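Reviewing the structure listed below.
The values are calculated or read from the model by the stated rules, or taken from the named source; none is laboratory data. Everything numeric in this text was worked out from a predicted model, so none of it was measured. Using ideal geometry, Cβ is built from the backbone for each residue, glycine included, and neighbour counts are taken over all protein chains shown.
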Amino acid sequence: MTRDAGEVAVVGGGPVGLMVACELALAGVAVSVFERRTERVQQSRALSLHPRSLEVLALRGLADRFMARGQRLPNGHYAVLETRLDFSVLETAFPFSLFIPQTVTEALLEERARELGVNIHRGHLITRLQQSPEEVHLEGTGGGGTFRAAARYVVGADGARSAVRTLAGIPFPGADATMSLVLGDVVLTEPLPHPALTLSSPKGVLLLAPLGDGIHHRAVVFDPERTKVPLSEPVTLEELARSVRAIAGTDFGMKTPFWLSRFGNETRHATTYREGRVFLAGDAAHVHLPAGGQGLNVGLQDAMNLGWKLVGVLRGLAPEPLLDSYQRERHPVGAHLLQNTLSQSALLHATHPEGQALRASVSKLLTLPAANRMLAEQIAAFDVAYPDPVLPAPPGMEAVPEVTGKRLPDFALRCEDGVTRRLYSLMHEGRWLMLRRPSAPHREPQAAPWGAWTSAVTAEPEGGPEELRPWQSLLVRPDGRIGYVARA
């Protein structure tokens, strides 16, 4: 049978693929999602949304849906060290990590995708991909037989074993797992000394935290006696409980496992995020130890970066080379992510006496506000900036290296009609935004054709980053980052 894939086919119906689809459909792009699973995964691989991911959702008016379903945590962790990372010092409307199961994140994004008219095809596996100068042809199995589909672009958001990446011939170099860890979602019959517990000793590293359903806790264990167990070997409750007892002196009466799994520190990075009309996002582009809960978050940010750029090109609002900026901007972020998680992997593995001394030293270092903030910004993705402009500057404006590509917090604007509005509330449609001070010369983005992709607001900022004080007009990218400025 032939499936109508629309203008973009997204392969992979997890949070990253759904986020791409939402970005596209918001602008009226016809998009279809092809997911090999027939139902959503019930186990929550990821459990948190970090500050920048919450900002990404707020930019599209979606954050409240997630806030209503999650629990705010003012800190995060680095390699399960004793000293926590303090998100409360970050300049953002979301100075916390939102504890929310991936199953809920996926359900909320699917709900939004369906509201926007996205076609979601479950039980569809892609087995063949071929590019032509104008489109990408897909073949696969699903719907009780085989199917064909064609789209102008394809986005592979189909995970670490990505069929799209393999079929497109994109290399995925890196290293196999050198150690295995265990997790379990279990019921505890004994109370924890703290709501969330982290312990490190020569016997291993333990993280225990409530899942938020009032029933289960997530236990993550690094047991130095079990690091060489093959990832394919099933985990038993007895194994998990034995490792927890060795580290904590008790297994807290764990019983009734909902999910038991073994995972490793395999680390790989696609050599390119684009091959012709095929793009990669999320785990299809980068895999790593899930340390600090960064994988899903970086994937959602990949999705927004790619989504608005595809919209611009598909709608004739921007030249095709804009799509090359996806690789330039996001590939270095992926490389930094791998460096970050490899560092945490080494600290987790440090259960010998020398390693315990190192963990203690790094934990003490994190009591220094500057060091703690540096790693908190890394985990929160606030250290990411894109200094190279993606399009030619409009007349009278310029790309300023000190600010171009930096994220903007959701600061207040006193608009010319006397109403105070938040910056992000003006960006829900996924367009560029021209902010003009009332004293500024009247300025419109005249650079054809992407001037038609821009909204304009006259307003006086109430707060906001110090480095923006000298500007008269500011052109904000659809992802809430600074594009160009006109200085006084």
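For region 368-421, the set of residues classified as out of contact with any helix residue (DSSP H, G or I) (no Cβ under 8 Å at 6 or more places or on another chain), among the hydrophobic types (A, V, I, L, M, F, W, C) and either part of a loop (DSSP other than H, G, I, E, B) or without any contact (Cβ under 8 Å) to a residue 12 or more places away in the chain (or both) consists of L368, A370, M374, A385, A393, M397, A399, V400, V419, listed by residue number.
Just one of the numbered conditions (1) in contact (Cβ under 8 Å) with a residue 24 or more places away in the chain; (2) more than 22 Å from A346 (Cβ to Cβ) is not true of G249: (1).
Could you go through region 161-180 and let me know if any residue there is in contact with a Pro (Cβ under 6 Å, 6 or more places away or on another chain), outside any loop (DSSP other than H, G, I, E, B) and not hydrophobic (A, V, I, L, M, F, W, C). Within region 161-180 (the criterion being in contact with a Pro (Cβ under 6 Å, 6 or more places away or on another chain), outside any loop (DSSP other than H, G, I, E, B) and not hydrophobic (A, V, I, L, M, F, W, C)), the answer is no, since none of the residues qualifies.
Looking across region 87-132 at every residue that is surrounded by fewer than 19 Cβ atoms within 10 Å (Cβ to Cβ) and small (G, A, S), the one that is nearest to A291 (Cα to Cα) is identified as S88.
When the helices (runs of 4 or more DSSP H) confined to region 295-367 are screened for residues that are over 27 Å from F172 (Cβ atoms) and outside the structural domain of G204 (by TED's automatic domain parsing), those reaching at least 3 such residues are found at 295-314, 353-365. Within the group E225, E239, which residue is without any contact (Cβ under 8 Å) to a residue 40 or more places away in the chain and out of contact with any strand residue (DSSP E or B) (no Cβ under 6 Å at 6 or more places or on another chain)? Going through E225, E239 in turn, the sole match is E225. Of the residues making up region 83-137, those that are among the basic types (K, R), farther than 15 Å from L73 by Cβ and in contact with a strand residue (DSSP E or B) (Cβ under 8 Å, 6 or more places away or on another chain) are R114, R122, R128.
Within region 422-440, the set of residues being of a type outside the set (A, V, I, L, M), surrounded by 15 or more Cβ atoms within 10 Å (Cβ to Cβ) and out of contact with any helix residue (DSSP H, G or I) (no Cβ under 9 Å at 6 or more places or on another chain) comprises R436, R437. Only a single item in (1) under 30 Å from Q327 (Cβ atoms); (2) out of contact with any His (no Cβ under 9 Å at 6 or more places or on another chain); (3) modelled with pLDDT of 95 or more is not met by S243, and it is number (1). Let me confirm something: among R40, R3, R52, which residue is modelled with pLDDT under 90, buried (at least 20 other Cβ atoms within 10 Å of the Cβ) and charged (D, E, K, R)? Criteria check complete, one pass: R3.
For (1) farther than 20 Å from G292 by Cα; (2) among the basic types (K, R); (3) in contact with a helix residue (DSSP H, G or I) (Cβ under 8 Å, 6 or more places away or on another chain), each residue gets a yes or a no:
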residue	(1), (2), (3)
V8	yes, no, yes
V20	yes, no, yes
R45	no, yes, yes
L85	no, no, yes
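Please determine, by comparing only the residues of region 271-300 that are β-branched (V, I, T) and more than 12 Å from the chain's Cα centre (by Cα), which one is farthest from S132 (Cα to Cα). Out of the qualifying residues, it is V287.
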